[in-house]
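Each remark here refers to the structure printed beneath this line.
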Amino acid sequence: MLKFILKRLALGLAVAFTVSLATFLMLNLAADPASMVAGEDATQEAIEQIRVQYGFDRPLYVRFFEWIGQLVTGDFGDSYYWKQPVFDLLIDRAPVTLTLAAGALTVTVVLGLTLGVLAALKPNGWLDRFALSFGTAAQAVPNFWFGLILIILLGVTFPIFPVSGDSTWMHFVLPCFVLGTSAVPQVLRLTRTGMIEVLGSDYIRTARAKGFRPRQILFRHALRNALLPIVSVITIQIGYKLGGSVITESVFALNGLGRLAYESILGADIPTVQMLVFFFALVFIILSILGDILNAWLDPRMRVE
Amino acid sequence: MSIKSILLASALAFSTALPAFADKANDTLVAAFNKEVQTLDGLYSTSRENLILSYLTSDQLVEINLETGEYEGALAESYTWVDDRTIDFTLREGLTFHDGAPVTVEDIVYSFDWIADENSKTRRGAFIRGWFDSAVAVDDRTVRITAKNPYPLMLRDIAVFVLTRKAGSYADGNPDALTQNFNGTGPYKVVSFDMGAGVTLERFDGYYSGGPKAAGSIENIVVRPIPDWGTVTAELLSGGVNWSFNVPDDTAKDLGNLPMVDHTTGVSTRVSFFVLDAAGVSDPEGPLTNKLVRQALNHAVNREEIVEFLVGGSGRVIHSTCNLGMFGCDVDVTEYDYDPERAKALLAEAGYPDGFEFELTTYRERPIMEAVAADLAEVGVTAKINHVKLSALSKSRAEGQLEAFQNAWGFYATPDVGAISNYYLEGSNRNLNHDAEVQGWFKAALETVDQDERAALYAKALKKVADEAYLLPIFQYSQNYVHSVDVTFDAPMDGLPRLNEMSWK
């Protein structure tokens, strides 16, 4: 098991390095970073001044390894655009994104599991059809469109929730619902499939024969076993929730990491974009490793493979 | 817990969680900006959002009167030209910063010196370093500004780029000192700034009267960054936002049809045009080095239709790269009307009867660029659109690789043709005509303070630019504003909205 974990960690580090190198090259080679920072009407003198000021005149490899060196020592550098240490920006914005991700995950799990279990109780029944239709629709609808529809319906026509901002918990209701709903189909289908399989197994039949009540059979015996594959899916969904926050935070004007990424890209803020991409990648890598380890722990065959 | 108590608790929670609305009762105007304000210090950002904010929180010695084009004393009660490179400014009495400290000549001197200092790394320094020589306190109300050489745009530069800062504001040379905590002299003072959440301003009751800038009418202004236009629309409809700018044309038109929203259009100082490689920088034998070819391209583009169907609002066709009413904008230049047959004839005369292919590098308004390419295709010219980010365009331009490129120039929102000189001056990589006469006229215009002489020099230069078709001017941008019907708002003539002039109906 230890060998397996070490192997996964080494792979994760290699991916993190590749991601940071690719990000660095894309941000620095695709365009002139000094012009990007200087803006549209900047004079040539202003562009050259910025080139020297931010060190864009130095060789690319020097800047890359300097950035890696800083990263290793915990120095995330300073933002050109926000005039603040990047670390402070991340710490400042992370609570909003984490709240959004936690809320969205709750929506995903609660809706996905409930609809999945209900659908499995009577396959091909009307409830099953409804759940699958809901799942298909939730998967097909783009986040930004669904967000705007909810804003118009529940923020303007029936002004129950605030339209944008993040100053109260009410501000998180609509964005959490939007971000959470998109992942419901995955959890719903896995739960449904798992439950149908488990409910048809011998030990469930035995439990029924022994006279257990349906609720006991459903929650104590069936759901517990059907949940196992869903756990690793949910682990990965945490990463998707963080990554998916870019659009949701922009639509609802939430002041989190997603919008920081959006604004930093527009503002050509290379240090912040670099660090955000690295951060999101790192979250994905860690969650993938956790998922692998969890699966390996649950299923010894994977360790051998 | 009974159902009744659960409902009561829920209702209480909902009522405390709902946000305060922007309205007349609270005397609070909420302005939605499409981009975030990243610093309160206008010396370190030239974004449009920051220019709007700086207008509210900072003052300069002089301010332009948009009606007359004259510069009027702002912090300065009056000014006198001592000679063609020296101006004496006399400060008004009783001026104060937002923190209550008096505005002194030392503050003015400090502001000039700080902005001009290369180490201060301000975004405005580059504009004044070329001419600024010294700022000296003559007495306790008079400050003398001297230029290295006669420079006609001194007042323009002072009005636009030299924002007044309290002496010692940037302690220990720290350029970020005012990023979060700002102390200025404008009609509004900063109450709070939460990056990402926005800025809260309060009317500055100590603001001087009798100046060119209006004191605030509305007590509070809240600036909120909302990146999505759909969300801005919803906020306008639900009363969460009162005003926004830079709104896409279709969105603004739709909103203007609603009973609770007004749509106002105004001109922007920004103009869109193509720079053609007449000098052969990218290719000495390229087709664009031929005057007839450049003239043909000018005849081939249907500017009227582009403006009518794609620009909309207050946009207008231009034949010279400047705005009507701008000093030096001589509009009596050769106009290339839309005439595809004439374009084909000119191409044949130039030796390209079957047209040719060239790369057109663009970075804005892709649909308009596609329309231009379609017009050119009608006369047999294939314009391969290379639509890139501005920074990529700048990189290629600096390397001399561009056959033709789009540009959208904003003139720093100042009404003087001199602000676009870098498309005509020697040594600038934006200049692809390398015409010694045009270069000389623009240079001379930037070195004389005689207004008539300057106007004549600009006229000669712009006329030759049009005759030679060095550029392909397309249109002047329109600016769309939307606001709730309970506030007054007039579209500005220079594209810089002044929220201090807004009031409740």
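Observations on the structure shown:
- With respect to being surrounded by fewer than 18 Cβ atoms within 10 Å (Cβ to Cβ), within 14 Å of chain B (Cβ to nearest Cβ) and in a helix (DSSP H, G or I), A:Leu98 falls outside the description.
- Residue in the range B:265-275 that is open to solvent by 40 Å² or more (accessible area, probe 1.4 Å) and more than 12 Å from every other protein chain (Cβ to nearest Cβ) present: yes
- The range B:42-64: number of residues that are within 14 Å of another protein chain (Cβ to nearest Cβ), over 14 Å from the mean Cα position of the chain (by Cα) and within 27 Å of B:Asp228 (Cβ to Cβ): 1
- Residue match in the range B:173-180 (condition: loosely packed, with under 15 Cβ neighbours inside 10 Å and in a helix (DSSP H, G or I)): yes
- Scope the range B:131-152; condition surrounded by 15 or more Cβ atoms within 10 Å (Cβ to Cβ) and assigned to a loop (DSSP other than H, G, I, E, B); matching residues: B:Trp131, B:Arg141, B:Pro150, B:Tyr151, B:Pro152
- On inspection, A:Arg63 does not qualify as touching a residue at least 12 places away in the same chain (Cβ under 8 Å) and either within 19 Å of B:Gly427 (Cβ to Cβ) or among the polar types (S, T, N, Q) (or both).
- Tabulated pairs, the range B:206-229, first of a type in the set (A, V, I, L, M), second part of a loop (DSSP other than H, G, I, E, B) and open to solvent by 50 Å² or more (accessible area, probe 1.4 Å), C-beta under 7 angstrom, 6+ apart or interchain: B:Ala215/B:Ser209
- When A:Phe212, A:Phe284, A:Phe219, A:Phe279 are checked against the criterion of being assigned to a loop (DSSP other than H, G, I, E, B) and open to solvent by 60 Å² or more (accessible area, probe 1.4 Å), A:Phe212 stands alone in meeting it.
- Test: residue in the range B:457-465 that is under 30 Å from B:Asp83 (Cα atoms) and either polar (S, T, N, Q) or at pLDDT below 90 (or both): no
- Qualifying residue in the range B:308-331 (condition: open to solvent by less than 20 Å² (accessible area, probe 1.4 Å), in the same structural domain as B:Val381 (by TED's automatic domain parsing), over 30 Å from A:Leu266 (Cα atoms) and of a type in the set (S, T, N, Q)): yes
- Flag set for A:Leu179, criterion: in contact with a Lys or Arg (Cβ under 7 Å, 6 or more places away or on another chain) and either facing another protein chain (nearest Cβ under 9 Å) or part of a helix (DSSP H, G or I) (or both).
- Of the residues making up the range B:120-169, those that are over 27 Å from B:Ala419 (Cβ atoms) and touching a Leu at 6+ places or on another chain (Cβ under 8 Å) are B:Arg141, B:Thr142, B:Ser169.
- First in the range B:111-136 and closer than 17 Å to B:Asp84 by Cα, second anywhere and polar (S, T, N, Q), Cβ under 7 Å, 6 or more apart: B:Trp131/B:Asn149; B:Asp133/B:Thr146; B:Ser134/B:Thr146
- The number of residues in the range A:154-175 that are more than 7 Å from chain B (Cβ to nearest Cβ), assigned to a loop (DSSP other than H, G, I, E, B) and buried (at least 17 other Cβ atoms within 10 Å of the Cβ) comes to 2.
- For B:Ile420: the one exception among (1) surrounded by fewer than 21 Cβ atoms within 10 Å (Cβ to Cβ); (2) under 19 Å from B:Cys322 (Cα atoms): (1)
- Where A:Asp92 falls short, out of the listed (1) in contact (Cβ under 8 Å) with a residue 12 or more places away in the chain; (2) over 30 Å from A:Thr191 (Cβ atoms); (3) within 14 Å of chain B (Cβ to nearest Cβ); (4) assigned to a helix (DSSP H, G or I): (1)
- Single unsatisfied condition, B:Val485 versus (1) of a type in the set (Val, Ile, Thr); (2) open to solvent by 30 Å² or more (accessible area, probe 1.4 Å); (3) farther than 30 Å from B:Leu258 by Cα: (3)
- Within the span defined as the range A:289-304, every residue fails to be among the aromatic types (Phe, Trp, Tyr), in a helix (DSSP H, G or I) and within 14 Å of chain B (Cβ to nearest Cβ).
- Selection status of B:Ala455, more than 27 Å from B:Arg124 (Cα to Cα), assigned by TED's automatic domain parsing to the domain that holds B:Gly315 and open to solvent by 30 Å² or more (accessible area, probe 1.4 Å): no
- For the range A:28-53, filtering for residues that are in contact with a helix residue (DSSP H, G or I) (Cβ under 7 Å, 6 or more places away or on another chain), touching a residue at least 12 places away in the same chain (Cβ under 8 Å) and open to solvent by 30 Å² or more (accessible area, probe 1.4 Å) leaves 2.
- Output for the range B:193-217, where each listed residue is surrounded by fewer than 21 Cβ atoms within 10 Å (Cβ to Cβ) and at pLDDT 95 or above: B:Thr200, B:Glu202, B:Arg203
- Number of the condition not met by A:Ala138 [criteria: (1) outside any helix (DSSP H, G or I); (2) of a type outside the set (D, E, K, R); (3) within 29 Å of A:Ala226 (Cβ to Cβ)]: (1)
- Looking only at residues of the range B:431-443 that are under 24 Å from the mean Cα position of the chain (by Cα) and open to solvent by less than 10 Å² (accessible area, probe 1.4 Å), we find that the one that is nearest to B:Glu63 (Cα to Cα) is B:Phe442.
- Scanning the range B:281-296 for residues that are out of contact with any strand residue (DSSP E or B) (no Cβ under 6 Å at 6 or more places or on another chain) and not in a loop (DSSP other than H, G, I, E, B) gives B:Pro287, B:Thr289, B:Lys291, B:Leu292, B:Val293, B:Gln295, B:Ala296.
- Of the residues making up the range B:363-376, those that are touching a residue at least 24 places away in the same chain (Cβ under 8 Å), under 25 Å from the mean Cα position of the chain (by Cα) and more than 14 Å from chain A (Cβ to nearest Cβ) are B:Pro367, B:Ile368, B:Met369, B:Val372.
- Residue list for the range A:62-82, restricted to those being closer than 16 Å to A:Leu276 by Cα and either among the charged types (D, E, K, R) or touching a Pro at 6+ places or on another chain (Cβ under 7 Å) (or both): A:Asp75, A:Phe76, A:Gly77, A:Asp78, A:Ser79, A:Tyr80
- Scanning the range A:34-45 for residues that are within 7 Å of chain B (Cβ to nearest Cβ), of a type outside the set (D, E, K, R) and farther than 20 Å from B:Glu49 by Cα turns up just one, A:Gln44.
- Picking from residues in the range B:377-417 that are among the small types (Gly, Ala, Ser) and within 12 Å of another protein chain (Cβ to nearest Cβ), the one that is surrounded by the most Cβ atoms within 10 Å (Cβ to Cβ) is B:Ser394.
The values are calculated or read from the model by the stated rules, or taken from the named source; none is laboratory data. Since this is a predicted model, take the numbers as computed values, not measurements. Because the Cβ atoms are built from the backbone with ideal geometry, glycine has one as well, and the counts that use them run over all protein chains shown. Calculation scope for accessible area: heavy atoms of the full protein, side chains included, ligands and nucleic acids excluded. Shrake-Rupley method; radii C 1.70, N 1.55, O 1.52, S 1.80 Å.
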